[in-house]
Amino acid sequence: MEALNRSLDVDWRLWAHDIRGSRAWARGLERAGILSRGEARRIDLGLAAVARRLEALSGPEGLPEEDIHTVVERMLIEEVGDLGGKLHTGRSRNDQVATDFRLWAKDAIRALRGRVAALVEALAAKARATTGVLMPGYTHLQQAQPVPAAHWLLSRAWPLVRDLEHYGAALRECDVLPLGSGAVAGCPFAIDREALAADLGFARVSRNSIDGVSDRDWAARLLFGTAMTGVHVSQFAEDLVLFSSSEFGFVRLGDGHTTGSSLMPQKRNPDVAELARGKSGRLVGNLVGMLTVLKGLPTGYNRDLQEDKEAVFDSVDTLAVVLPALTGAVDGMSLDRARISRALRPEVLATDLADYLVRTGVPFREAHRAAAAVVRAAEGAGKDIHRLTLEQMRAVHPGFSEDVFEVFDPVVSAESRGGAGGTSAAALERQLAALAGAMSEAGGDDGNTPPRLVTGPRGG
Ligand code: ARG
């Protein structure tokens, strides 16, 4: 039972938040007339002394208590004597732990947003540095149409901007003070909860003491965000694994982000991407685990909730390692322009060939059939489509004229798509500006500095 009961190894990292919450609670008790000014002062100094003792410890090893709250209380009593026993008046570990966890999470979510923003920034900087490179855009992992490599990079940045919105929402939900909810029925002493919230930097107080001690929705929302970031990062990682293979050769990762093999001298393994992809499993798992813990809970506080912290800590810790590594990989990676342009098959312009006929008034379905027939004719002749003669093309459809050969330029194709979200150079510029705008909006409405996006050039 002791081993099952003990959460200290997990909640040890909340010690500073527990001290902070306790000092605020002591001030609250003083305002409520439960502690005299002198008592509150002695408790405050005692908690400061406890903080110094805890700071000097490297971890919870050897401490006999079950959780961090009981450690702090025992040490406070050692510091100030029986007076320390007054601190827990009107408070329960139920509202205490809910408060500590939120105090921790508010900082953690802000740091996490900064790490996500850094990856977005690295992708945007790399996109800027690679304008002019056209690569195949894929559907079904088959070459589909030409797209700027910058467009691909930015397609991996936008999902992360959406993640920032999830984190902003989790932060707002987290910014509610549970302290004063007691064990489940609130506090019988005249605690000014609004003042307590202001003291601890919470935007609001919880409005139902039962919900106050049992609400972990913010944590589930945070874990949804981290799971989504895991999925997004994993998809991008898969691109990197694929594109850095010798079969593609589009991307070269920096030496610091690849490893050799102990056996095969030629290997440059994309470990950073594989590890990022692999780590997404636990990010998804932690979300599912949390929802599973929450779903069966009856009304009020239930000890199952102790499981909340390990999941959240693990997901936040995981991304604290994965995101900077991937950001560094993006900074250090280079695109092999020659390999990319060699890989770009002329058939990726078959759609443009159909669109050419459409511009002469041919219905799209007929134009589509004609372009497909051109592709087949080229295959039959053992040539690339742009090597067919005008006669061969006109044999397929009389709508083709001399200027059809202008279609066989991927730059013309990309430039023809100039609308919002499109592939032309001008559309790409507007996309980068829109990304910077979205970054300053995403999650920036909590009154704190939003994640910044520097779109200036930052190296090849
Ligand atoms: N250690 C618990 C947690 O981490 C807090 C203590 C609540 N325990 C209790 N018996 N009410 O959530």
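Looking at the chain, the accessible area is 45 square angstrom per residue; that uses a 1.4 Å probe and ignores ligands, DNA and RNA. Our estimate of slack between THR292 and LEU4, defined as 0.36 nm per intervening residue step minus the Cα-Cα distance, is 101.8 nm.
Cα centroids of region 266-294 and region 34-78: 37 Å apart. The order of LEU35, LEU291 by accessible area, most exposed first and with a 1.4 Å probe, is LEU291, LEU35. Once all protein chains are placed together, ASP384 keeps about 50 Å² accessible to a 1.4 angstrom probe. In this entry, region 245-362 is assigned a mean projected area of 14.8 nm², taken as a quarter of its C-alpha convex hull surface.
Please give me the summed charge of the neighbours of ARG282: other residues whose Cβ is under 14 Å from its Cβ, Lys and Arg +1, Asp and Glu -1. After counting each charged neighbour, the total is -1.
Counting only protein heavy atoms and a 1.4 Å probe, tell me what percentage of the chain's accessible area is made up of carbon and sulfur. After summing per-atom areas, the C and S share lands at 53 percent. Let me check against my output: what whole-number percent is the relative contact order of the chain, with C-alpha pairs under 8 Å and at least 6 apart? Value for the chain: 18 percent. Between the helical axis of 93-129 and the longest alpha-carbon principal axis of the chain there is an angle of about 20 degrees.
Sorted on the mean count of surrounding Cβ atoms within 10 Å across their residues, most packed first, peptides 192-205, 251-264 read 192-205, 251-264.
Return the calculated 222 nm mean residue ellipticity for the chain, to the nearest 500 deg cm²/dmol, obtained by summing -39500 (n - 2.57) across DSSP H runs with n ≥ 4 and dividing by the residue count.
Here the helix-only value at 222 nm equals -19500 deg cm²/dmol.
Annotation: Cα Rg of the chain relative to the compact-globule expectation 2.2 N^0.38 Å equals 1.32.
The values are calculated or read from the model by the stated rules, or taken from the named source; none is laboratory data. Just so we're clear, the structure is a prediction, and the values are computed from it rather than from any experiment. Reconstructed Cβ throughout: ideal geometry from the backbone, glycine too, with neighbour counts over all protein chains shown. Note: areas computed on protein heavy atoms with side chains; ligands, DNA, RNA excluded. Shrake-Rupley method; radii C 1.70, N 1.55, O 1.52, S 1.80 Å.
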